[in-house]
1. Work out, in µm²/s and without decimals, the Stokes-Einstein translational diffusion coefficient of the range 222-319 at 20 °C, 1.002 mPa s, Rh from Kirkwood over C-alpha pairs.
2. Can you list the lysines whose alpha carbon is less than 21 Å from that of LYS266, not counting same-chain residues fewer than 8 positions off?
3. What does the net charge come to around ALA296 if you take all other residues with beta carbon closer than 12 Å to its beta carbon, with K and R at +1 and D and E at -1?
4. Work out the P(r) tail for the range 13-107: percent of alpha carbon pairs separated by more than 14 Å, whole number.
5. Take the chain, connect every pair of alpha-carbon atoms lying under 10 Å apart with a spring to form a Gaussian network, then pick out the residue of MET331, MET94, MET301 with the largest mean-square fluctuation.
6. Could you tell me the convex hull volume per residue, in Å³, taken over the Cα atoms of the range 147-196?
7. Scattering from the C-alpha atoms of the chain alone, worked out with Debye: what is log10 I(q)/I(0) at q = 0.09, 0.13, 0.15 1/Å?
8. Please build a GNM for the chain, connecting alpha carbons under 10 Å apart, and tell me which residue among PHE18, PHE185, PHE167 fluctuates the most.
Amino acid sequence: MNKELSFRSLPRIDLRGFTSPVQPLPRLSEELGLEVWVKRDDLGSVGLAGNKVRKLEMELARAREVGATHIVTEGSRHSNATRAAAAAAAAIGMKCTLVLCHDEPKEPVGNLLLDALFGADLRLVGDVSWVELARLTEDVVRELEAAGERVYRLPIGSATGRGATSFARAYIEADEQIRAQGAEFRTLVHASSAGSTHSGLVLGRALSGASTRVIGVVVAGEVYDDVPGNYLRLANEAAGLLAPGVQITADDLELTEDYLGEGYGKPAPGVMEAIDLMARLEGIVVDPVYTGKAVAAIIDMARKGSIEGPVLFWHTGGYHAIFDPHYTSVMWSAIPRLGSIQL
Ligand SMILES: Cc1ncc(COP(=O)(O)O)c(C=O)c1O
C-alpha cells in the first residue's frame, strides 16, 4: 500500500464472520486460456452473503452510533440489497422496514420470501418508478418518525460513500490474499449497478498505488440519470471518509454496458454459457441478473484477447435469483445439457 496514506478507522460491525477466500479457477482458466481467480464474497454468515453485507457493516455501525432503532430502505421485490438489510438488521436486533416495488411475480419467492423471513415490515407499493419509490419511502420514514422511531435511511442499493469504503478495504484484502498465493491480478471484473462496489474498488486501487484495471460490468443501465457522475460522487465521498486528500477522477472509472443485453434482469448474450461453465467446471453458482453478466464479460474478452490476466472475478453474490421460477425455467430451457434431461 502507498505508505504516505493512512486509513482513518471508521466504525464497523462484523456481519460476515470470516474473510472470504480468493481462489484460483483452474478449469475455467484452462477452458479460456486465461488465468482467472475468484473473490468469494458470495460466502458469508448473514443473510446468504453478497456484496451488500460489506456495505452494511459500515452503515449499520453508523446507525448504531447515531442511536437509530429502525432501518428503512427501498428497492425492487427482487432486491439483494433489501434482503441483506433485513438480514443484517435481524442479526443486530434492529427493526427494518422495506418499501418494495414491482408487481410480478405475485408469489413470495426468492428475496421477497427472505425479506419476510428476516422479519422486515414489508410495504409493497406496486409498479412505480424509482423516483416515485424514493418519494413513497420518505413518506414511510415520516410515518415511523411520527410514531417515535429513530430511523436510519439507506438509499437504494445501499449506495453510499460510507458503504463504498468497505470495498476500498476489500480491494486491499484481496490483493494481499492473492499475493500470499504467489500471484497478482492485472484485471478485476465485477457486476455493477448502484455503484458503491465499483467506486470502492477503484478507491482501493488508488490507495494501493496499483495499476490494475478495474472493470465494472453494468447490469442496470437506468439506475441514475448520470451514472459516472454518481459513481464519482460515491468514490470521493468514500475517499473523504477514509483517506482525505485522495481524489478519484472520471478516468479512474471503467464501466462497460456491452453485457447489459436487454436490460436489468433481462437476457444478454453469453450469460447462460457463463452460468453453465462456472457450475460445471468450478462448482460455483452465478446468477442471470448480476454475476452471470460479469462472467459473460470475462469469457467474451478472453476470446477476443482484450483482457489481461491474471483476472480476478469478484463474486458479489445474488444467486437467490436462480430459485425464482421465472429464471429457473429460462435456465432449464437455455442451457442445452439441462433442457435435454427427461423429467
Ligand atoms: C449480486 C450483486 N452484484 C452486484 C451488485 C452491484 O453492486 P453496486 O450496487 O454496488 O453497484 C449488486 C447490487 O444490487 C448485487 O446484488
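No lab work stands behind these numbers, since they all come straight from the coordinates. Every value quoted in this text rests on a predicted model; they were computed, and no experiment measured them. For neighbour counting, all protein chains shown are included, and Cβ atoms are generated from backbone atoms with ideal geometry for every residue, glycine included.
1. Details: Rh = 15.3 Å.
Estimated diffusion coefficient is 140 µm²/s.
2. LYS106, LYS293
3. Working: positive: LYS293, ARG303; negative: ASP258, GLU273, ASP276, ASP287, ASP300.
The answer is -3.
4. Values: 3115 of 4465 pairs.
Result: 70 percent of Cα pairs exceed 14 Å.
5. Of MET331, MET94, MET301, the Gaussian network model singles out MET301 as fluctuating most.
6. Working: hull volume 5.0 nm³, N = 50.
Dividing the Cα hull volume of the range 147-196 by its residue count gives 99 Å³.
7. -0.46, -0.98, -1.32
8. Among PHE18, PHE185, PHE167, the largest mean-square fluctuation in the Gaussian network model of the chain belongs to PHE18.
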